[in-house]
Amino acid sequence: MKYPKELNAYCPKCRKHTVHKAKLASKGKARHMAIGTRKHERKLTGHGGKRAGKVPVKKQGVRQKVILECQVCHKKQERIIGTRTKKKLEFNA
């Protein structure tokens, strides 16, 4: 999936359309004390009873998130491109 490196988009701080630089959003650092992480760790402890055989799972695509940075005020905003997809996002000039 192709996406432009620079595009004209609305900036909520400037309250007008300005040139924005686009870059791929990266995943943040995981918090070890988050409830989901603790729940997962608790589930893994002990001799877990695993089901015999493998269950076929259809892989689900991920959402392509892009960070747009305003060239005037340098405020960043996130934009989701399309819906869930398996295609990688590549930036063209």
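All of the numbers you see were taken from the coordinates with simple rules; none came from a lab. Quick caveat: nothing in here was measured; it's all calculated off a predicted structure. We place every Cβ from the backbone using ideal geometry, glycine too, and count neighbours over all the protein chains shown.
Basic side chains Lys and Arg get +1 at the Cβ, acidic Asp and Glu get -1 at the Cβ, and with that the dipole of the chain about its Cα centre reaches some 440 debye.
In degrees between 0 and 90, to the nearest 10, how far off the longest principal axis of the chain does helix 35-44 point, with axes built from Cα atoms? Long axis of 35-44 versus the principal axis of the chain: about 30 degrees. Lys/Arg Cβ at +1, Asp/Glu Cβ at -1, dipole of the chain taken about the Cα centre: which of Thr83, Gln64, Gly53 is farthest positive-ward? Farthest towards the positive pole: Gly53.
Taking neighbour counts of Cβ atoms within 10 Å as a proxy for exposure, in what order, fewest first, do Met1, Met33 appear? Can you show the working numbers first?
Numbers: Met1 11, Met33 6.
So the ranking, lowest neighbour count to highest, is Met33, Met1.
In plain terms, the chain from Val19 to His32 could stretch by 0.9 nm, reckoned as 0.36 nm per residue minus the Cα-Cα distance.
Expressed in nm to one decimal, what extension gain is obtained for the pair Asn8 and Phe91 from 0.36 nm per residue of sequence separation less their Cα-Cα distance? Let's see the in-between values first.
On the way: separation 83, 0.36 × 83 = 29.88 nm, distance 1.50 nm.
This chain segment gains 28.4 nm when fully extended.
For a quick check: sort Val19, Val66, Val55 by the number of other beta carbons within 10 angstrom, fewest at the front.
Working: Val19 14, Val66 18, Val55 5.
Exposure proxy ranking, most exposed first: Val55, Val19, Val66.
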